[in-house]
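J.: Have a look at this one.
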Amino acid sequence: DNRRAVQRSLIGGVVVVTFGVLIPQTMFWGEFEFQTISTLGPASGLAHIWPTSGSFGFEMNNFNSAMIVGLSKFVAISFTVAGGYRGGFIFPLFASGAALGRAIFFLCPFIPVQLCVLCMAAALNVAITRTTIATTLILAFLAGEQNAISAILASALVSLFLTAYMPFIKTQIARADLEHCLYT
């Protein structure tokens with residue numbers, strides 16, 4: 001329904017820009033932010049954002065700030081999609097998952113940070129897109145962590161089975177083969 005397209009895009013734009021001004025790591029699609037988020041790099045590493053520190057000098061350097069980035073990025077994705085803006089949600093979901101993976105690493109520092117980041121990014125993306133194998137391969141090879149494929153795949157499969165009954169995207173259809181495996 002495009003009768004309210006202008007209002008939707010205006011509200012979406014205001015929310016996304018507001019998040020970006022407060023938390024610069026939430027801007028754009030995430031492909032350039034992923035490295036900064038996953039390594040806890042300074043906001044000054046976000047070369048395409050000005051001012052790089054945002055309005056209040058926000059830096060992602062502890063559990064709380066990682067959670068704020070992850071959840072804020074997820075909300076920004078929602079408003080971007082609902083506002084009808086071009087782009088996608090796969091790399092933004094990776095960025096949101098990377099921030100939440102860093103938060104997990106703060107709680108469980110005995111787990112390798114690469115696994116926390118990549119597995120959470122995979123789990124979040126698979127929950128929304130249902131692309132288990134593709135997500136696993138994309139994350140493992142883009143990160144150069146081919147040895148982590150089994151852990152990323154396990155994370156993706158758990159996410160798929162936990163969220164199989166929840167369609168997040170209107171175009172997702174029920175798959176009888178998945179339902180048969182899950183509930184019989």
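J.: Among the residues of segment 119-134, which ones are under 21 Å from THR36 (Cβ atoms) and either open to solvent by less than 10 Å² (accessible area, probe 1.4 Å) or not aliphatic (A, V, I, L, M) (or both)?
T.: The answer is CYS119, ALA121, ALA122, ASN125.
J.: Determine which single condition VAL81 fails, assuming it passes every other condition in (1) within 18 Å of the chain's Cα centre (by Cα); (2) open to solvent by less than 60 Å² (accessible area, probe 1.4 Å); (3) within 28 Å of ALA134 (Cα to Cα).
T.: (2)
J.: Residues of segment 137-164 being within 18 Å of the chain's Cα centre (by Cα), open to solvent by 80 Å² or more (accessible area, probe 1.4 Å) and over 17 Å from PHE91 (Cα atoms), which ones?
T.: VAL158, LEU162 - these are the residues of segment 137-164 that are within 18 Å of the chain's Cα centre (by Cα), open to solvent by 80 Å² or more (accessible area, probe 1.4 Å) and over 17 Å from PHE91 (Cα atoms).
J.: What residue, among those in segment 72-112 that are among the hydroxyl-bearing types (Ser, Thr, Tyr) and over 18 Å from ILE138 (Cβ atoms), is modelled with the lowest pLDDT?
T.: First, pick out the residues of segment 72-112 that are among the hydroxyl-bearing types (Ser, Thr, Tyr): 72, 78, 80, 85, 96.
Cutting the leftovers down to over 18 Å from ILE138 (Cβ atoms) gives us 72, 78, 80, 85.
Values: SER72: 91, SER78: 86, THR80: 86, TYR85: 81.
Taking the candidates together, the pick is TYR85.
J.: Would you please name the residue that is farthest from PHE106 (Cα to Cα), looking only at residues in segment 45-60 that are surrounded by 12 or more Cβ atoms within 10 Å (Cβ to Cβ) and modelled with pLDDT of 80 or more?
T.: PHE58
J.: Can we say ALA76 is among the hydrophobic types (A, V, I, L, M, F, W, C) and crowded, with 19+ Cβ neighbours inside 10 Å?
T.: Numbers: among the hydrophobic types (A, V, I, L, M, F, W, C): yes; crowded, with 19+ Cβ neighbours inside 10 Å: yes.
Criteria met by ALA76.
J.: Shifting gears a bit: Please go through segment 18-43 and give me each residue that is open to solvent by 80 Å² or more (accessible area, probe 1.4 Å) and over 17 Å from VAL117 (Cβ atoms), ordered by number.
T.: PHE28, TRP29
The values are calculated or read from the model by the stated rules, or taken from the named source; none is laboratory data. In this text, all values refer to a predicted model and were calculated from it rather than measured experimentally. Here the Cβ is made from the backbone with ideal geometry for all residues, glycine too, and neighbour counts use every protein chain on show. These area figures cover heavy atoms from the full protein model, side chains too; ligands, DNA and RNA do not enter into them. Shrake-Rupley method; radii C 1.70, N 1.55, O 1.52, S 1.80 Å.
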